[in-house]
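In what follows, a single structure is set out as structure tokens and then discussed.
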Protein chains: 2
Amino acid sequence: MRVIRDPGKLNRLLKGVRRSARSIGFVPTMGALHPGHLSLIKQAGRDNDTVVVSIFVNPTQFGSQEDLNKYPRPLKNDLALCRKARVDLVFLPDSKIMYPEGFATFVNVEKLGDILCGTSRPGHFRGVATVVAKLLNIVAPDVLYLGQKDAQQSVIIARMIKDLNFPVKIRVLPTVRQKDGLALSSRNVYLNEDQKLDALVLSKALCLAKSLIDHGQTDASRIINRIKELIGKKKQARIDYVAIVDLEKLRQIKKINQDCMICLAVKIGKTRLIDNCLITYD
Amino acid sequence: MRVIRDPGKLNRLLKGVRRSARSIGFVPTMGALHPGHLSLIKQAGRDNDTVVVSIFVNPTQFGSQEDLNKYPRPLKNDLALCRKARVDLVFLPDSKIMYPEGFATFVNVEKLGDILCGTSRPGHFRGVATVVAKLLNIVAPDVLYLGQKDAQQSVIIARMIKDLNFPVKIRVLPTVRQKDGLALSSRNVYLNEDQKLDALVLSKALCLAKSLIDHGQTDASRIINRIKELIGKKKQARIDYVAIVDLEKLRQIKKINQDCMICLAVKIGKTRLIDNCLITYD
């Protein structure tokens, strides 16, 4: 496994891979790798000849009041996990090389980036779209691997890839959860023991919603109210949003009679957690 | 010469070119080709194994009050010129395939896009950056050829390429002029005979400025005043801006003691023309 810090060097190196018609699978991460990331890396390995993982805590996607500085950076452990997962190349740039003096170009996905998580995190998805555009140009992968937990992010990146004609396929893989249901997230380390118990309310709320739908409930607002009621019982939980949206434009739907997604953002103490589940028909 | 309308098809076709390590030179145009474009195409041919020209009148770079509908589209002649200039592939998409329903992603180069031509054409350079990002992803050229006449555009595209890590080199080639000095532009066809004579004041103003500098004038505002005075004598001419700026950030400079650019935008009747000249030291 090689660790490369320079974007130009990585791009040149991968040019050789592309010329020999070997496929490249790419997993962009902010490090603090957990089994969710590893499931992406393993799938990338099954699908491709070469696996590239980037580890970069991207400053442009953090708000000024957010956790950029305290975001976990267990680099040694991350590199060991990558090695064990048979990653070929780790891209490990620093902020100065990604955003040098005079940097001025941003990629913005309109509307999709302003709703749901975008409401309480203005500018977040602009930062995400910009860094992913940069990474796609540097790595030029055949397939990009993303996790379903960051559902809005996946939809926005898919829109950007289509709109800007990036020649790459996307695979979005299922959220990996603890046995108790908690969706894995690098931010779970912020939770104390009590909060970890309260945080279970997110996945429980999604299970409740699913079971209501299974029993014939089709009224989105009723489902949302039941979710809010359940989460409201937890003292440390403060709801950011509960929404049921279509899968492409992320617009709130009223009736559950099409493929859709139930998504939540809840603050447990100071830690903002998100989770979602897909409802699909065929 | 092949004419291709589908972005995906062009991208797949060029993948073969890249795999065989043949280099691709790319000239993006809005058609209405003149010897300025042809100089770019010829240079692309000298430098590369494969030459790709795009012809696309990009709607997102036109303001609502601008000349999108009447912009010249002499397609037959353009294709004949491309064939004669030994272009390998012409990319000829339509607006619907470039901006399908739901399109929402824009690339914006901050600050650089808001000054000079950006002041009177808000959104113009966002449209330019967006379409060039799309074209670069579709064609993935080794070298991108641009004309010095659209100087601000070149600076903005260079900034975007650097910021978003597009793996492409830029070559900016000198403005091609008529014998009388008028910079070639597809918009010159809008001028009547009287206006064609008045339009010569742009290049004459630049010559005046150069000669002032050659004779030791270093005060930018004095040079600008002399230019304004000269242009002011033409009844049909209305100055949009006259500026002397540095070459990277396009900030106005006070003293001519560094590499810089004198740039003009002048309306002759209803036709907005631009021109510029470089002042370089070594």
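The values are calculated or read from the model by the stated rules, or taken from the named source; none is laboratory data. Predicted model, so just to flag it, every value in this text is computed and none were measured. Positions of Cβ are generated from backbone atoms using ideal geometry, with glycine treated the same way; all protein chains shown enter the neighbour counts. Surface accessibility is based on the protein's heavy atoms, side chains included, excluding ligands, DNA and RNA. Shrake-Rupley method; radii C 1.70, N 1.55, O 1.52, S 1.80 Å.
The table below gives the values:
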{"quantity": "Of B:216, B:269, B:123, the one that fluctuates the most in a GNM where chain B has Cα springs shorter than 10 Å", "calculated": "B:216"}
{"quantity": "Alpha-carbon centroids, segment B:35-110 and segment B:118-193: separation in whole Å", "calculated": "11"}
{"quantity": "Cα shape, segment B:1-117, gyration tensor, a/c 1.5 rule", "calculated": "prolate"}
{"quantity": "Label-point separation in nm, residue A:255 to residue B:280, each point 7 Å along Cα→Cβ", "calculated": "6.7"}
{"quantity": "Percent carbon-and-sulfur accessible area, the protein assembly as shown, ignoring ligands, DNA and RNA, probe 1.4 Å", "calculated": "50"}
{"quantity": "Å² of accessible area per residue within segment B:186-279, as computed with a 1.4 Å probe and no ligands counted", "calculated": "53"}
{"quantity": "Check: the protein assembly as shown dipole with +1 on Lys, Arg Cβ and -1 on Asp, Glu Cβ, in debye", "calculated": "580"}
{"quantity": "Copy-to-copy label separations for residue B:258, where each label sits 7 Å from Cα toward Cβ, in nm and ascending", "calculated": "5.5"}
{"quantity": "Positive-end residue of A:129, A:75, A:271, charge dipole of chain A with Cβ unit charges", "calculated": "A:75"}
{"quantity": "Kirkwood-Stokes translational diffusion coefficient of the protein assembly as shown, alpha-carbon pairs, 4 °C, 1.567 mPa s, µm²/s", "calculated": "49"}
{"quantity": "For residue B:34, solvent-accessible area (1.4 Å; no DNA, RNA or ligand), Å²", "calculated": "40"}
{"quantity": "Using alpha-carbon coordinates, inclination of helix B:75-84 to the longest axis of chain B, degrees", "calculated": "80"}
{"quantity": "DSSP-loop trypsin sites (Lys or Arg not before Pro) across segment A:181-237, with at most 11 other Cβ within 10 angstrom", "calculated": "A:233, A:235"}
{"quantity": "Relative frequency of Cα-Cα separations exceeding 25 Å in chain B, percent", "calculated": "48"}
{"quantity": "Between A and B, accessible area buried - total, square angstrom, nearest 100, 1.4 angstrom probe", "calculated": "2700"}
{"quantity": "Segment A:5-93 - accessible surface per residue (Å², probe 1.4 Å)", "calculated": "47"}
{"quantity": "For segment B:216-263: rounded, prolate or oblate by the Cα gyration tensor [a/c cutoff 1.5]", "calculated": "oblate"}
{"quantity": "Length released on extending from residue B:239 to residue B:34, taking residue separation times 0.36 nm less the Cα-Cα span", "calculated": "71.3 nm"}
{"quantity": "Entries of B:233/B:270; A:42/B:15; B:42/B:134 with Cα pairs more than 20 Å apart", "calculated": "A:42/B:15; B:42/B:134"}
{"quantity": "Per-pair calculated FRET efficiency, R0 = 41 Å: residue B:12 and residue A:3 via Cβ, rounded to 0.05", "calculated": "0.80"}
{"quantity": "Extension gain (nm, one decimal) between residue B:75 and residue B:229, 0.36 nm per residue minus Cα-Cα", "calculated": "51.4 nm"}
{"quantity": "Helix B:220-232 vs. chain B, principal-axis angle (Cα, 0 to 90°, nearest 10)", "calculated": "90"}
